[in-house]
Amino acid sequence: MNFDELIICTRCGSDACYKQEITKDISIEMCYGCGFQSNSLMKKGTEFFNEQWELLPELYKVLMDEEDETGKIWMPSTINIKDKGMVFANGTGRDDWYWSGVKAHNDPEKGWKTDMTTIKNFPERDFIGALSYIGVLPE
Ligand SMILES: [Zn+2]
């Protein structure tokens, strides 16, 4: 059975939003168009929200948006794939941020490690470019 489906992103309007139902009450939306994600548990005032908030980098807090009608919270995604690398939001504020891609390198002694010398920045609209750069998607 497959509960995953592609839907229209309510944040950016692209049709590359991937919705995954974890249970009948909990779903996650992950948009490859804008790189943002939302989780149906993530509502302001809930314990889950407060826990997540504590862990978030400052920039993620600044970039977080709440939909007026639904209370749905959108925040930037962080992709971390052991043998590929990482993609994360990077920058100083809402007016100055970008996606950073960092490739992973297989060290014979230490195993897979992200190699910060490979860091490359992509504009806000090019989340897909950053994913392609670390090899998650074909170039
Ligand atoms: Zn989107």
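Any read-out appearing in this document is the output of simple, stated calculations on the displayed coordinates, not a laboratory observation. All of these numbers come straight from a predicted model, not from anything done at the bench. Backbone-built Cβ (ideal geometry, glycine too); neighbour counts: all protein chains shown.
Selection of first residues in the stretch 52-76 that are on the phi > 0 side of the Ramachandran plot and of second residues that are more than 16 Å from the ligand (Cβ to nearest atom), restricted to Cβ pairs under 8 Å at least 6 apart or on distinct chains, gives the following pairs, ordered by first then second residue: Gly71/Lys43; Gly71/Lys44. Among the residues here, Ile73 does not qualify as farther than 16 Å from Cys12 by Cβ and under 13 Å from the mean Cα position of the chain (by Cα). Kindly indicate whether any position in the stretch 7-22 is more than 16 Å from the ligand (Cβ to nearest atom) and either surrounded by 18 or more Cβ atoms within 10 Å (Cβ to Cβ) or free of Cβ contacts under 8 Å to residues at least 60 places away in the same chain (or both). Within the stretch 7-22, one or more residues are more than 16 Å from the ligand (Cβ to nearest atom) and either surrounded by 18 or more Cβ atoms within 10 Å (Cβ to Cβ) or free of Cβ contacts under 8 Å to residues at least 60 places away in the same chain (or both).
Tell me which residues, restricted to the stretch 97-124, are closer than 16 Å to Cys34 by Cα and assigned to a strand (DSSP E or B). Within the stretch 97-124, Trp97, Tyr98, Trp99, Ser100, Gly101, Asn121, Phe122 qualify.
Rundown of residues vs (1) surrounded by fewer than 18 Cβ atoms within 10 Å (Cβ to Cβ); (2) touching a strand residue (DSSP E or B) at 6+ places or on another chain (Cβ under 7 Å); (3) aliphatic (A, V, I, L, M), yes/no style:
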position: Asp68; (1), (2), (3): yes, no, no
position: Ile79; (1), (2), (3): no, yes, yes
position: Arg94; (1), (2), (3): yes, no, no
position: Gly101; (1), (2), (3): no, yes, no
position: Gly111; (1), (2), (3): yes, no, no
position: Arg125; (1), (2), (3): yes, no, no
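Residues in the stretch 25-57 that are more than 16 Å from the ligand (Cβ to nearest atom) and among the hydrophobic types (A, V, I, L, M, F, W, C): Ile26, Leu41, Phe48, Phe49, Trp53, Leu55, Leu56.
Just to be sure before I move on: is Gly71 outside any strand (DSSP E or B), within 16 Å of the ligand (Cβ to nearest atom) and over 30 Å from Thr117 (Cβ atoms) in the structure I sent? The answer is no for Gly71.
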